[in-house]
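Input: a single structure, listed below in structure tokens.
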Amino acid sequence: MTSVRIYIPATSADVSKEDLLPRLVHAVTRELEHAMPAEGEEVLESVAMGAAADDSLRILTALAQGGETIRPLRVVVVADVADSRVEPVPGDDLLPTARRLVRPVGWDAVASIHVDDDEALEDLLAAIGGDEQAFERVADEDLMWYDVEEREDLIAYFG
């Protein structure tokens, strides 16, 4: 059985859940490797991470439009799962990193958690409100890295 590293778009609320539920995730896929043949693994992983961070922002936007109050920080959870837990997503309008997570992921499979720094909050709020320039600025920001062992600290931080 082979495994795949996936980048799961999430929110602060997901960090406190027992498992990460099925959803659209991102990974370094054959399609991405073919689209960027001259790039190394680190660049490809960065592309998958960026795609997941952008999806996290889209989730935050949808929640805000639905009236839900949630800490407006992008969250990406990185996990290593059996490749049978993900499947291709049909459609030409998706990024080559896109995969469908078909079974929940437990925290024992998580390698790291990545979260926006609070300094990005103003741009995040503007991006959630539809400001395209703010979205671009946020997309250029790196997320802070946390070991999965720091999950409880993040739960407390998110309140």
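Build a GNM of the chain with springs between Cα atoms under 10 Å apart, and of HIS26, HIS34, HIS114 the one that fluctuates most is HIS34.
For ASP93 and MET36, the difference between the fully extended length at 0.36 nm per residue and the C-alpha to C-alpha distance is 18.8 nm.
All C-alpha pair distances within the range 72-159, sorted into 10 Å bins from zero, spread as 15, 34, 38, 14, 0 percent across the bins.
The reciprocal of the average 1/r between distinct C-alpha atoms defines the Kirkwood hydrodynamic radius, which for the range 111-150 equals 10.8 Å.
Defining a contact as two alpha carbons under 8 Å apart and six or more residues distant in sequence, what relative contact order in percent does the range 3-149 show? Computed value for the range 3-149: 30 percent relative contact order. When only the Cβ of Lys, Arg, Asp and Glu is charged (+1, +1, -1, -1), the dipole of the range 3-149 relative to its Cα centre reaches about 740 debye.
Largest mean-square fluctuation among LEU20, LEU101, LEU63, in a Gaussian network model of the chain whose springs join Cα atoms under 10 Å apart, belongs to LEU63. The Cα-based radius of gyration of the chain, divided by its Kirkwood radius, gives an Rg/Rh of 0.95. The range 116-159 and the range 1-58 have Cα centres lying 16 Å from one another.
Rule-based calculations on the coordinates, nothing more; no lab input. Note that the structure is a prediction, hence the values are computed from the model and not measured. Neighbour counts run over all protein chains shown; Cβ positions are idealised from the backbone, glycine included.
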